[in-house]
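Encoded as structure tokens, the structure appears first; notes follow it.
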Amino acid sequence: MSEYEYVLKTTKGRARLAILSFYFIQGLGFASWASRIPDIKTSLSMSEAALGTVLFAPALGQLAAMPVSGTWIAKYGSIRMLAIAMVLYCFVLVTLGLATSSIMLFVSLFFFGLCSNFLNIAVNTQGLRMEEIYGRPIMSSFHGGWSFACALSSVFALSIAPFRIEPYIHFIIIAIVMLGLMVFRLKDLIPDPPKKNTEQKETIFKKPELLLVQLGLIGFFGMCSEGAMFDWSGVYFKEVVHAPEMITVMGFTIVMTFMAIGRFLTDKLSVRIGKKRVLQLGGILIFTGLMISVLFPYLIPSAIGFMIVGFGISSIVPTIYSIAGRNTKGSPSIALTIVSSVSFFGFLLGPPIIGYIAELTNLRYSYAVVSMFGLSITLLVSLIRSLKHVR
């Protein structure tokens, strides 16, 4: 046993908790922004189409980082890149609350997405290494930490709503918590493995493995659905369901809560029925939940529909990341970057499309379109033969 392998075996308990903590930290930051979208939309007097355009920015930032994020993380190490990106992410989060125009918000969101991509690839690289050490599916439980943080953050936003705290103050509080957790847990992450000469030369600018592209297409529809729920659930509850002002964030809270519950269950479900069936089931649940909320746009039916959607989207991203990282011939960080590059077009196109459709019709029609993404996931998974043999 090498010295590196010995370190992994003796510290894997602390390392698993540390990795889970970083998923949690990233979820806190994202949900803090998402939970205040209705407030920021109102304060900047933006229409649905204007908000849809602004919501291009995070995905553009993600895409701008993708050509280099996987390569840099493979070259400089996931821990170093994770620490740098986290500090910048917290700083940019605060600037979102300070934006006084849609242009300023767009620029801040671009850098928010850019930092988020580095965080995403780095922390998932850590998660895949830990899954290899355990030798069984645990990836979804890590993503469950992200979703749990989102749910907790949205509950916090709900609790402070009566006090009408400005978004920038809210974001400063969250940023301090995030940085404190990072400093406390950074030392327990999995040390990066010794570099190989071949790995240093890896790049995403080559013909990708077919399975990775196929997984990216599944992720595309999954992330379109996620983006619809993350960015528009609060607006949907406010403008379609006509929920009382103090509980408009309830839609986002419901999705995040049941998404977290679903992710903590997905690993065991993957062992029992297989990852292919997990993905197929997720697509069906997305379609079912969204159609309930579209056909019955009232508080209780929409809440039930959002619960079902939360369960549906919970399994898509962690499952395709786990398949990508464990079934690639190259570096996990490069594989994740390829899958993310295709998938994140869903985040790029989903929220703006919803805004434009809503501007022409209303949000109910937008969510009806998004429900078709769920069926697309189930169909794609059924047609991809190579998924029969994934592990």
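Considering the range 235-247 alone, what residues qualify as being open to solvent by 20 Å² or more (accessible area, probe 1.4 Å) and touching a helix residue (DSSP H, G or I) at 6+ places or on another chain (Cβ under 6 Å)? Passing the criteria: K238, V240, M246. Of all the residues in the range 157-184, those that are crowded, with 19+ Cβ neighbours inside 10 Å and modelled with pLDDT under 90 number 1.
Yes or no: the range 24-44 includes at least one residue that is touching a Ser or Thr at 6+ places or on another chain (Cβ under 6 Å), surrounded by fewer than 20 Cβ atoms within 10 Å (Cβ to Cβ) and not hydroxyl-bearing (S, T, Y).
Initial filter on the range 24-44 (touching a Ser or Thr at 6+ places or on another chain (Cβ under 6 Å)): 28, 31-32, 35, 38, 44.
Now restrict to residues that are surrounded by fewer than 20 Cβ atoms within 10 Å (Cβ to Cβ): 44.
Retained after the next criterion (residues that are not hydroxyl-bearing (S, T, Y)): 44.
So far as the range 24-44 goes, yes, one or more of its residues are touching a Ser or Thr at 6+ places or on another chain (Cβ under 6 Å), surrounded by fewer than 20 Cβ atoms within 10 Å (Cβ to Cβ) and not hydroxyl-bearing (S, T, Y).
Say whether the condition of being open to solvent by less than 40 Å² (accessible area, probe 1.4 Å), modelled with pLDDT of 90 or more and under 21 Å from E239 (Cα atoms) is met by at least one residue in the range 312-323. Within the range 312-323, not a single residue is open to solvent by less than 40 Å² (accessible area, probe 1.4 Å), modelled with pLDDT of 90 or more and under 21 Å from E239 (Cα atoms). Return the residues of the range 158-183 that are free of Cβ contacts under 8 Å to residues at least 40 places away in the same chain and more than 16 Å from V94 (Cβ to Cβ); say none if nothing qualifies. Once the filter is applied, which keeps residues that are free of Cβ contacts under 8 Å to residues at least 40 places away in the same chain and more than 16 Å from V94 (Cβ to Cβ), the range 158-183 yields S159, I160, F163, R164, V183. Tell me, please, whether a residue that is open to solvent by 30 Å² or more (accessible area, probe 1.4 Å) and among the polar types (S, T, N, Q) can be found in the range 77-94. Taking every residue of the range 77-94 in turn, none turns out to be open to solvent by 30 Å² or more (accessible area, probe 1.4 Å) and among the polar types (S, T, N, Q).
Kindly indicate whether any position in the range 274-290 is farther than 20 Å from A31 by Cα, open to solvent by 60 Å² or more (accessible area, probe 1.4 Å), at pLDDT below 95 and β-branched (V, I, T). Within the range 274-290, none of the residues are farther than 20 Å from A31 by Cα, open to solvent by 60 Å² or more (accessible area, probe 1.4 Å), at pLDDT below 95 and β-branched (V, I, T). Here the helices (runs of 4 or more DSSP H) wholly within the range 39-128 that include at least 2 residues being modelled with pLDDT under 90 are 48-54, 56-76. L380 - would you say it is open to solvent by 60 Å² or more (accessible area, probe 1.4 Å) and closer than 30 Å to P137 by Cβ? It is false that L380 is open to solvent by 60 Å² or more (accessible area, probe 1.4 Å) and closer than 30 Å to P137 by Cβ.
The values are calculated or read from the model by the stated rules, or taken from the named source; none is laboratory data. All values reported here derive from a predicted model rather than from experimental measurement. In this analysis, Cβ positions are derived from the backbone assuming ideal geometry, glycine residues included, and neighbour counts consider all displayed protein chains. Just so you know, the surface numbers come from the protein's heavy atoms only, side chains and all, with ligands and any DNA or RNA stripped out. Shrake-Rupley method; radii C 1.70, N 1.55, O 1.52, S 1.80 Å.
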